[in-house]
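Undergrad: Dumping the structure here so I can ask a few things about it.
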Amino acid sequence: MRSESESKAKEIICIICPVGCRIIVKRDKNSSSGYSVSGNECKKGEAYGIEELTNPTRVLTTTVKIEGALYNRLPVRTDGAIPKDKIFACMKVINRIEVKAPVKVGKVIIENILDTGIHLIASRSMLRSMLRSMLRSIKAS
């Protein structure tokens, strides 16, 4: 007799391309991958569905504190997908750091975050702001 989790199908909207297929993924011990996928219009959708069920990953986009720039926050992202279950742990690490301006787009902010092999990189360039420095010195006076 099959267990309840083996017989359950999961419906997922594929995000690999703009079509947005509604795919259904379920365990199938007769398949070479161990899963059957239906509703996909391409092979990429099949791979995505299986990956989403077995090892979901996400590219993390957020901001970090930046000192000496016109803005207080620098947009950053991971340069690849990280396991979904490590997102909150990554955010704890990210929220503790502060970078100094200037920063160029693509600069590695954190190497190999949580031993994932993925780097956190700057999503935009940010120059050093003389205005911000002047305002700080006025406030200190």
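Undergrad: Based on what the data block shows, is Ser36 part of a loop (DSSP other than H, G, I, E, B), under 30 Å from Cys21 (Cβ atoms) and of a type in the set (Ser, Thr, Tyr)?
TA: Considered against the rule, which asks whether it is part of a loop (DSSP other than H, G, I, E, B), under 30 Å from Cys21 (Cβ atoms) and of a type in the set (Ser, Thr, Tyr), Ser36 comes out as no.
Undergrad: If the requirement is being surrounded by 12 or more Cβ atoms within 10 Å (Cβ to Cβ), β-branched (Val, Ile, Thr) and in contact with a Gly (Cβ under 8 Å, 6 or more places away or on another chain), which of these qualifies: Ile66, Ile24?
TA: One residue alone meets the criteria, Ile24.
Listed here are the residues, each with its yes/no results for (1) within 18 Å of the chain's Cα centre (by Cα); (2) aliphatic (A, V, I, L, M).
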{"position": "Gly39", "(1), (2)": "no, no"}
{"position": "Cys42", "(1), (2)": "no, no"}
{"position": "Tyr48", "(1), (2)": "yes, no"}
{"position": "Pro56", "(1), (2)": "yes, no"}
{"position": "Ile66", "(1), (2)": "no, yes"}
{"position": "Tyr71", "(1), (2)": "no, no"}
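Undergrad: If you check Val25, Val93, Val19, which single one turns out to be not assigned by TED's automatic domain parsing to the domain that holds Asp115 and not in a strand (DSSP E or B)?
TA: Working: Val25 fails: not in a strand (DSSP E or B); Val93 fails: not assigned by TED's automatic domain parsing to the domain that holds Asp115.
Testing whether each residue is not assigned by TED's automatic domain parsing to the domain that holds Asp115 and not in a strand (DSSP E or B) leaves just Val19.
Undergrad: Working only within the stretch 34-52, note down all residues that are loosely packed, with under 13 Cβ neighbours inside 10 Å and in contact with a helix residue (DSSP H, G or I) (Cβ under 9 Å, 6 or more places away or on another chain).
TA: If the condition is that a residue be loosely packed, with under 13 Cβ neighbours inside 10 Å and in contact with a helix residue (DSSP H, G or I) (Cβ under 9 Å, 6 or more places away or on another chain), then Gly34 is the only one that fits.
Undergrad: Quick one: Lys107 ticks every box in (1) touching a helix residue (DSSP H, G or I) at 6+ places or on another chain (Cβ under 8 Å); (2) assigned by TED's automatic domain parsing to the domain that holds Ser129 bar one, so which box is it?
TA: (1) is the only condition that Lys107 fails.
Undergrad: Right, here's the next one. If we scan the stretch 59-77, do we find a residue that is under 25 Å from Ile16 (Cβ atoms), in contact with a His (Cβ under 8 Å, 6 or more places away or on another chain) and in a loop (DSSP other than H, G, I, E, B)?
TA: For the stretch 59-77, residues under 25 Å from Ile16 (Cβ atoms), in contact with a His (Cβ under 8 Å, 6 or more places away or on another chain) and in a loop (DSSP other than H, G, I, E, B): absent.
Undergrad: If you take the residues of the stretch 69-95 that are more than 30 Å from Cys14 (Cβ to Cβ) and surrounded by 15 or more Cβ atoms within 10 Å (Cβ to Cβ), which of them is modelled with the lowest pLDDT?
TA: Residues of the stretch 69-95 more than 30 Å from Cys14 (Cβ to Cβ): 69-74, 92-93, 95.
From the residues that got through so far, the ones that are surrounded by 15 or more Cβ atoms within 10 Å (Cβ to Cβ) too are 69, 74.
Values: Ala69: 94, Leu74: 98.
It comes out as Ala69.
Undergrad: Regarding the stretch 97-107, can at least one residue be identified that is more than 16 Å from Leu70 (Cα to Cα) and either at pLDDT below 95 or not basic (Lys, Arg) (or both)?
TA: Yes; the residues of the stretch 97-107 include at least one that is more than 16 Å from Leu70 (Cα to Cα) and either at pLDDT below 95 or not basic (Lys, Arg) (or both).
The values are calculated or read from the model by the stated rules, or taken from the named source; none is laboratory data. Bear in mind that the values here come from a model prediction, so they are computed numbers and not experimental data. A quick note on method: Cβ atoms are made from the backbone with ideal geometry, for glycine too, and the neighbour counts reach across all protein chains shown.
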